[in-house]
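Report on the following structure.
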Amino acid sequence: MGNRVSRRTVLIGAGVGAVALAGGGYLALRNLPAGTVEFVQPRVLESSNGSLKVKLSAGKVSKSVNGKNVTMIGYNGSVPGPTLKVKPGDVIEVSLTNNLSKPTNLHTHGLFVSPSGNSDNPFVHVMPGETFDYRFEIPTEQTEGTHWYHPHMHGEVASQVFGGMYGAVIVEDANTPSALDDRVLVISDSSFNDDGTLASPNMMQLMMGREGNFIFVNGQIQPRGEFTDGGRERWRIINACVARYLQLEVSGANTQLLGLDGRKLPTIGEAGSFILAPGNRADLLVNPNTDSVSLNYTTVAHPDSMGMGMMNGTSQTFENYPLFTLNKKPDNGKVQIIDYVLPTFPAEPDLRKSAVTGKRDMVLRMPMGMGGMSGGMAGQFTINGEAFDMNKINTVVAGNTVEEWTLVNKTTMQHPFHLHIWPMQIIAVGGVPVTDVRYQDVVTIPVNSTVTVRVNFRVHTGKTLYHCHILDHEDLGMMGVIGVATY
Ligand code: C2O
Ligand code: CU
Ligand code: CU
């Protein structure tokens, strides 16, 4: 079949395969001792009396990764940065100091806050050496859920996230205090050169979105820990990878999927195996039934992977790779299973019942084939034919209206579409209606297919972004500006 494969197919496939090779001297993942690192959670900074004041300084972080000293970038000297734990109605004040050599800024992915001024404003530039004071007012209607923060400096987002800049934001409902032990699981990936510096992507990796050779859980590789004494746990998983889709399954436990992207699912059921796109979060209820519980990752086959492995034989795929493992302590006769009754959640509004004031398509395109790449990639990653231009508003929406958007993927790879601030209700995938009410803030558009969503542009006004959450694609221009105004 080799010589009959079209150039485009070879190119796309090679992009996947090349990830493990490029950069020359990547540290090899395979021959490292697994499970010798202790499981840790990021430091938690919790609000009190309605307020959380935090200093975040973005800068270099020295770390040991499997015994090798590497230099990453992160917040307050750690990868991930601290977990911000708040309640509905709280105000978070973040004083962000940029100790990097490139500009940066901060985005609170998933928070229903204003996109303007010194709130979740992705147009802010914090230059090297500068400090910027953010203020995020979380409305009381923001229900409990798992969210995250990361930089949003166009052109630098993928590199900064790949470098280690991310952290969890947990909104805890004041009225339903958790009877469970929370476990925050920030999953990310990075690659390094032999000298321990962060690896830069080659052209293939930019095309496909860079995937790191190391997969971290809270900045650790395959850590081991102990399960909460006899109890259940609530796991809050964040896919902070630049481009990697995570197919996940918990082994050794009964596991229920409670929510996605910080919103409740209409029905709570067995989690089984589920996929998180870059940017997605999952909330799980984990009840161990063996002495060892792990979260296993399996590579998601690329939809257009025909050429994969032909250019090189070393593309790294994973099957049931334990991202971390927890041992359950012997109960010593104590019966400690917490009888956790799931709270009943208020139903999410069904926008199918709302009058739609606008319908529009969002058509995603990227360059194809050798021609597309050799011509340079600038301007070829587009939404509705336009690459990102910060001085333009691509989509103007009237506030307090419900719109229906058809997300159209005109490429041979899937893209995770993300809209800031306002969650999207998924109406149909590939033309097939979704029957229940589910909201996400990152929605995967399958290859050559469509997803129809509805969005209620309520409460907040201002200018913000929608984009592909494969952050290399975002940096290459697959992003648009939306302006929401009241008249
Ligand atoms: Cu998590 Cu605009 O992104
Ligand atoms: Cu976001
Ligand atoms: Cu994309």
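Numbers below:
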| item | result |
| --- | --- |
| Residues (within 14 Å of VAL442 (Cα to Cα) and more than 8 Å from ligand 3 (Cβ to nearest atom)) located in segment 455-476 | VAL455, LEU465, TYR466, HIS467, LEU471 |
| Test: residue in segment 136-156 that is in contact (Cβ under 8 Å) with a residue 24 or more places away in the chain, polar (S, T, N, Q), open to solvent by less than 10 Å² (accessible area, probe 1.4 Å) and in contact with a Gly (Cβ under 7 Å, 6 or more places away or on another chain) | yes |
| Residues located in segment 418-440, provided they are free of Cβ contacts under 8 Å to residues at least 12 places away in the same chain and either within 16 Å of ligand 2 (Cβ to nearest atom) or within 24 Å of TYR149 (Cα to Cα) (or both) | none |
| Test for THR131: is it surrounded by fewer than 23 Cβ atoms within 10 Å (Cβ to Cβ) and more than 18 Å from VAL61 (Cα to Cα) | yes |
| Residues located in segment 398-433, provided they are in a strand (DSSP E or B) and not hydrophobic (A, V, I, L, M, F, W, C) | GLU403, GLU404, THR406, ASN409, HIS415, PRO416, HIS418, GLN425, PRO433 |
| Residue in segment 434-454 that is nearest to the chain's Cα centre (by Cα), counting only those that are assigned to a loop (DSSP other than H, G, I, E, B) and either within 14 Å of ligand 3 (Cβ to nearest atom) or within 27 Å of MET207 (Cβ to Cβ) (or both) | ASP441 |
| Residue within segment 382-401 that is open to solvent by 20 Å² or more (accessible area, probe 1.4 Å), within 24 Å of HIS150 (Cβ to Cβ), within 16 Å of ligand 3 (Cβ to nearest atom) and among the aromatic types (Phe, Trp, Tyr) present | yes |
| Which listed residue is within 30 Å of THR382 (Cα to Cα), touching a Lys or Arg at 6+ places or on another chain (Cβ under 8 Å), touching a residue at least 12 places away in the same chain (Cβ under 8 Å) and open to solvent by less than 10 Å² (accessible area, probe 1.4 Å), from GLN205, GLN160 | GLN160 |
| Unmet requirement for GLY155, which otherwise passes all of (1) within 16 Å of ligand 1 (Cβ to nearest atom); (2) more than 17 Å from the chain's Cα centre (by Cα); (3) modelled with pLDDT under 95 | (3) |
| Failed item, numbered, when GLU172 is tested on (1) surrounded by fewer than 21 Cβ atoms within 10 Å (Cβ to Cβ); (2) within 16 Å of VAL442 (Cβ to Cβ) | (2) |
| Top-ranked residue in segment 62-85 [being among the β-branched types (Val, Ile, Thr) and over 21 Å from the mean Cα position of the chain (by Cα); ranked as most open to solvent (accessible area, probe 1.4 Å)] | THR71 |
| Among the residues listed as VAL16, VAL113, VAL65, the single one being modelled with pLDDT under 95 and either more than 24 Å from ARG244 (Cα to Cα) or touching a Phe, Trp or Tyr at 6+ places or on another chain (Cβ under 7 Å) (or both) | VAL65 |
| Residue that is modelled with the lowest pLDDT [pool: residues in segment 31-50 that are of a type in the set (Val, Ile, Thr), within 16 Å of LEU185 (Cβ to Cβ) and assigned to a loop (DSSP other than H, G, I, E, B)] | VAL37 |
| Qualifying residues in segment 441-487 (those that are within 16 Å of ligand 2 (Cβ to nearest atom) and open to solvent by 10 Å² or more (accessible area, probe 1.4 Å)) - the one nearest to ASN394 (Cα to Cα) | LYS463 |
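The values are calculated or read from the model by the stated rules, or taken from the named source; none is laboratory data. Note that this is a predicted model, so its numbers are computed, not measured. Note: ideal-geometry Cβ built from the backbone for every residue, glycine included; neighbour counts use all protein chains shown. When the accessible area is computed, the model is the full protein with side chains, heavy atoms only, and any ligands, DNA or RNA have been set aside. Shrake-Rupley method; radii C 1.70, N 1.55, O 1.52, S 1.80 Å.
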